[in-house]
Structures are given as structure tokens and as C-alpha cells.
Amino acid sequence: MRFPERVLALLCERDLPFTMMHASTSRQSNIVVPTDAFGGTLLRTMLAFIDGQLSMLVIGSDQRIEPRLEFEAFHGSTVKLVEPGLLDTAFPELDINALPPLGNLWGMPVYVDPSVAEMTIVQFYLGSSTDLVQMRTADLFRLVRPVVAGIAECSTIPALQISRPPAEASHAVLTA
């Protein structure tokens, strides 16, 4: 079974509502951007070694990770962002820049920025640059059980921002 089908089966098995979207894409600065998706904020997933353990860092696509913030969020732990080339080796079935924020599928911890927890609806790539899943943030958190850590600083990358609905106070923020 292909990776997208495995994820969709997992979402159905857990009875989590989602919308599957197929987006046309354009390339800008080597980042794939959906051009006809709507609603929700696109998430960006990166890999990092935190004290030697491979982990996922998830931020909004309009954000960037600051080394100073990484250090503070992980209380002085050694944090090293993974070079993009490792994605091809570690996840050959996935397109580069299309890593979904589902670290639990690979047994790795997932850290999300608090700004993600404030989002009502999110979108993320499903392993390819054209397949997207849109779902409620609270449902994604129930599936992934991430640790919320201040790892991002807002930047100005407006081309990646799809929309940002008003935040709801009812999000369940799970911490370790």
C-alpha cells in the first residue's frame, strides 16, 4: 500500500474527519506551494536530531525556525536540523518538502510550535507535493500527541500562507 493510502486508512480507522485535496503546484525557492487549496494553514515539517534522537519539528509555513529559539525550547539540548538530502535516504517513498507531521508513524517524537496549536484547521502534504490533507488541528493533535514547544519565529513568507482562521480556545494542547 502506498504511503498516502496508509495514512488515509489510519485516519479512517481512528474515525478522524479530514478532507483530501489534490493541489496543482508551483515551485518557488525550491518549496512546493499549493496554488488552489483553500482553508487552513499549511504546515511545514522538518527533521532534527535532538540529543541524537531523530524528531519532527512542525511550524506554520509562514514561519521559520530560529536557532536561538530551538536552544531555549529544548532547554539547552543539542539540536541539529537535518539536511534535506537525508529525507531522500530516510523516506524514499516521500517527495522532498512533503513530509507529513506524523512522526508517530515512524516512532519519533513530534514538536509543534504553540502557534500551530492556536490554528483551527491545518493542511499538510501527504508525502507528495500534490496530495494534501485538511483537518481540524485538535484531531491532528489527538492522532500525533505532539509536544508543544516554542520553536518558531514569525517570518515574512506570505506566498506560503493559505489562510489563518481565527483561533479557538477549545484546542487540546498535549504536552509531555
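Nothing in this text is a laboratory measurement; each read-out follows from the coordinates by a stated rule. From a predicted model like this one, the values you see are computed outputs, not experimental measurements. Here the Cβ positions follow ideal geometry from the backbone for every residue, glycine too, while neighbour counts run over all protein chains shown.
So how far apart, in nm, are the two label points at residue 9 and residue 83 if each is 7 Å from Cα heading toward Cβ?
3.5 nm
Take the alpha carbon gyration tensor of the range 105-150, find the square roots of its eigenvalues, order them as a ≥ b ≥ c, and report rounded if a/c is under 1.5; if not, report prolate when a/b exceeds b/c, else oblate. Walk me through the intermediate numbers first.
Details: a/c = 1.82, a/b = 1.24, b/c = 1.47.
Here the range 105-150 falls in the oblate category.
Take 51, 131 and order them by how many other Cβ atoms sit within 10 Å, fewest up front. Don't jump to the answer; show the numbers that get you there.
Numbers: 51 11, 131 21.
The order, fewest Cβ neighbours first, is 51, 131.
Quickly work out the residue 49-to-residue 75 label distance, labels modelled 7 Å from Cα along the C-beta direction, and quote it in nm with one decimal.
Output for this residue pair reads 2.2 nm.
Quick one: 141, 91, fewest Cβ neighbours within 10 Å first, how do they rank?
91, 141
Rank the residues 56, 108 as a footprinting-exposure proxy: fewest other Cβ atoms within 10 Å of their Cβ go first. Write out the running numbers ahead of the final one.
Details: 56 23, 108 14.
Taking fewest neighbouring Cβ atoms as first place, the list is 108, 56.
If you find the alpha carbon centre of the range 106-152 and of the range 72-103, how far apart are they in angstrom?
What the calculation gives is 14 Å, centre to centre.
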